[in-house]
Amino acid sequence: MLKITAIVWQSHATTMRRAGELLKEWCSLRVYSARYLDEGKEDMDSALDDLANSDLIFFYRTSGEAVWEELENNVRKLDKPVVCLGHDPGLWLLST
């Protein structure tokens, strides 16, 4: 089964989780909110473990949270396909 970890804007997290439920027979989708990771409301260690164990990483990147630097530094060490989108195309550079 394909394992995907997504880190997105908080406003997109609920929709992504619903999509994961609809696709659960095809893939396992773990979703984290960048804002909640930044505020400590979600566990960064769990997110990093899920990223390391994923077949695909999806980021909807923002420029507002400090958490992105740590996430990106960890992802660059992984040999995983990354899809990185955001409102600013300059933020897409992590995409492979």
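Things to note:
- Of all residues in segment 80-96 being open to solvent by less than 60 Å² (accessible area, probe 1.4 Å) and in a helix (DSSP H, G or I), the one that is farthest from Ile57 (Cα to Cα): Gly90
- For segment 63-74, the criterion of being within 17 Å of Gly20 (Cβ to Cβ) and β-branched (Val, Ile, Thr) is met by none of the residues.
- Taken over segment 50-75, the criterion of being in contact with a strand residue (DSSP E or B) (Cβ under 9 Å, 6 or more places away or on another chain) and free of Cβ contacts under 8 Å to residues at least 24 places away in the same chain is satisfied by Glu72 alone.
- Residues in segment 1-16 that are of a type in the set (Gly, Ala, Ser) and within 11 Å of the chain's Cα centre (by Cα): Ala6, Ala13.
The values are calculated or read from the model by the stated rules, or taken from the named source; none is laboratory data. On a predicted model such as this, the values are computed, not experimentally measured, just so you know. Don't worry about glycine lacking a Cβ; one is built from the backbone with ideal geometry, like all the others, and counts go over all protein chains shown. Only protein heavy atoms, including side chains, enter the accessible area calculation; ligands, DNA and RNA are left aside. Shrake-Rupley method; radii C 1.70, N 1.55, O 1.52, S 1.80 Å.
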